[in-house]
1. Looking at region 1-47, which of its residues are β-branched (Val, Ile, Thr) and in contact with a Leu (Cβ under 8 Å, 6 or more places away or on another chain)?
2. I'm told Arg84 meets every condition in (1) over 26 Å from Ala156 (Cβ atoms); (2) part of a helix (DSSP H, G or I); (3) touching a strand residue (DSSP E or B) at 6+ places or on another chain (Cβ under 8 Å) except one. Can you identify the failing condition by its number?
3. Which residue, of Ser113, Ser68, Ser82, is crowded, with 22+ Cβ neighbours inside 10 Å, outside the structural domain of Ser222 (by TED's automatic domain parsing) and within 14 Å of the chain's Cα centre (by Cα)?
4. Name the one entry in Thr47, Thr94 that is of a type in the set (Ser, Thr, Tyr) and in a loop (DSSP other than H, G, I, E, B).
5. If Asp106 satisfies every condition in (1) under 30 Å from Val227 (Cα atoms); (2) buried (at least 18 other Cβ atoms within 10 Å of the Cβ); (3) charged (D, E, K, R) but one, which is the exception?
6. Are any residues in region 97-117 over 22 Å from Ile15 (Cβ atoms), part of a loop (DSSP other than H, G, I, E, B) and without any contact (Cβ under 8 Å) to a residue 60 or more places away in the chain, and if so, which ones?
7. Looking at Ser113 and the list (1) of a type in the set (Ser, Thr, Tyr); (2) in contact with a Gly (Cβ under 9 Å, 6 or more places away or on another chain); (3) under 23 Å from Pro226 (Cα atoms), which single condition is not satisfied?
8. Say whether the condition of being touching a residue at least 12 places away in the same chain (Cβ under 8 Å), in the same structural domain as Asp145 (by TED's automatic domain parsing) and assigned to a helix (DSSP H, G or I) is met by at least one residue in region 218-232.
Amino acid sequence: MTGRLLAVDAGNSQIEVGLTSDSEPGWLARWRLETKANRTVDEYGVTIARLLEGAGVELSDIGGVVLSSVVPSLTPVLEGVSRRLFGVEPLVVTPAAALGIDVLYDPPSAAGSDRIVDAIAARDRFGAPVVVVDFGTATTFNVVDRNGRFVGGAIAPGLGVAASALARSGAKLSRIDLEPASGMPVVGRDTTQSMRSGVLYGYAGLVEGILARIDEELDDGSGSRPVVVATGGLSQVVAPLVGRFDAVVPGLTLDGLRLVFEARAT
């Protein structure tokens, strides 16, 4: 491929877009867009074109596009953006495709492509076994065993979903700020503080509890534990409250998309 790679990860709440650098490994720029499934090819095309223009990149500089989407109605729209803006047929990543990792899920096609891509990126960077906790609309726990296989995991309601549900369900409760909460007291002195404490520390307890059970299931008697990685839009909110994370990599899914694209290109 000649030119830059554009990687697109379409989730239920946000679309993450990454643009590779042409001079060094990594990303020249990363953006997050709100997911709106009713937007057209033209609308998303205008938005992405403006982002590239702001980064000083011409449309003709894009030589490849790789796409992961868990929103079926949005997939053909983003494919259309690739064809119309760049004249490029995008590589659409699906769990059923040969991605260089064994998927022990039943059936493999039911695993979200973002989960598989997370697993590929984490295994490449940290080895195996490894667990990726992806904080998005849902929080997914994605497990790679010591043989390098994606073996499944767990899916929990996302932090934002939990906070919104609490606000909707209580007549005297309002939406709360989910900014990073380092040093926040557990004992809230008013309703807002109490809600933040309950949601954030409660969610941290959920994550710690699931990770502890994953450790137990993967225990082979050697005493070693898998590397645990946090990623996703809310990773930097929850990860500081959880003592089990070895690394926080916000752009891990894009890294996995790049690896898949590069493997297909060779």
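The values are calculated or read from the model by the stated rules, or taken from the named source; none is laboratory data. Computed from a prediction, not measured in an experiment: that's the story for all the values here. Glycine gets a Cβ as well: all are built from the backbone with ideal geometry, and neighbour counts include every protein chain shown.
1. Taking region 1-47 as the starting set, the residues that turn out to be β-branched (Val, Ile, Thr) are 2, 8, 15, 17, 20, 35, 40-41, 46-47.
Val8, Ile15, Val17, Thr20, Thr35, Thr47, listed by residue number.
2. Checking Arg84 against (1) over 26 Å from Ala156 (Cβ atoms); (2) part of a helix (DSSP H, G or I); (3) touching a strand residue (DSSP E or B) at 6+ places or on another chain (Cβ under 8 Å), the one that fails is (3).
3. Details: Ser113 fails: outside the structural domain of Ser222 (by TED's automatic domain parsing); Ser82 fails: within 14 Å of the chain's Cα centre (by Cα).
Answer to the selection: Ser68.
4. On the way: Thr47 fails: in a loop (DSSP other than H, G, I, E, B).
The unique qualifying residue is Thr94.
5. (2)
6. Passing the criteria: Ala98, Ile101, Asp102, Leu104, Tyr105, Asp106, Pro107.
7. Only one criterion is unmet by Ser113, namely (2).
8. Going through region 218-232, the residues touching a residue at least 12 places away in the same chain (Cβ under 8 Å) turn out to be 218, 220, 226-232.
Okay, now just the ones that are also in the same structural domain as Asp145 (by TED's automatic domain parsing), so 218, 220, 226-232.
Applying the additional criterion that residues be assigned to a helix (DSSP H, G or I) yields 218.
Scanning region 218-232 turns up at least one residue that is touching a residue at least 12 places away in the same chain (Cβ under 8 Å), in the same structural domain as Asp145 (by TED's automatic domain parsing) and assigned to a helix (DSSP H, G or I).
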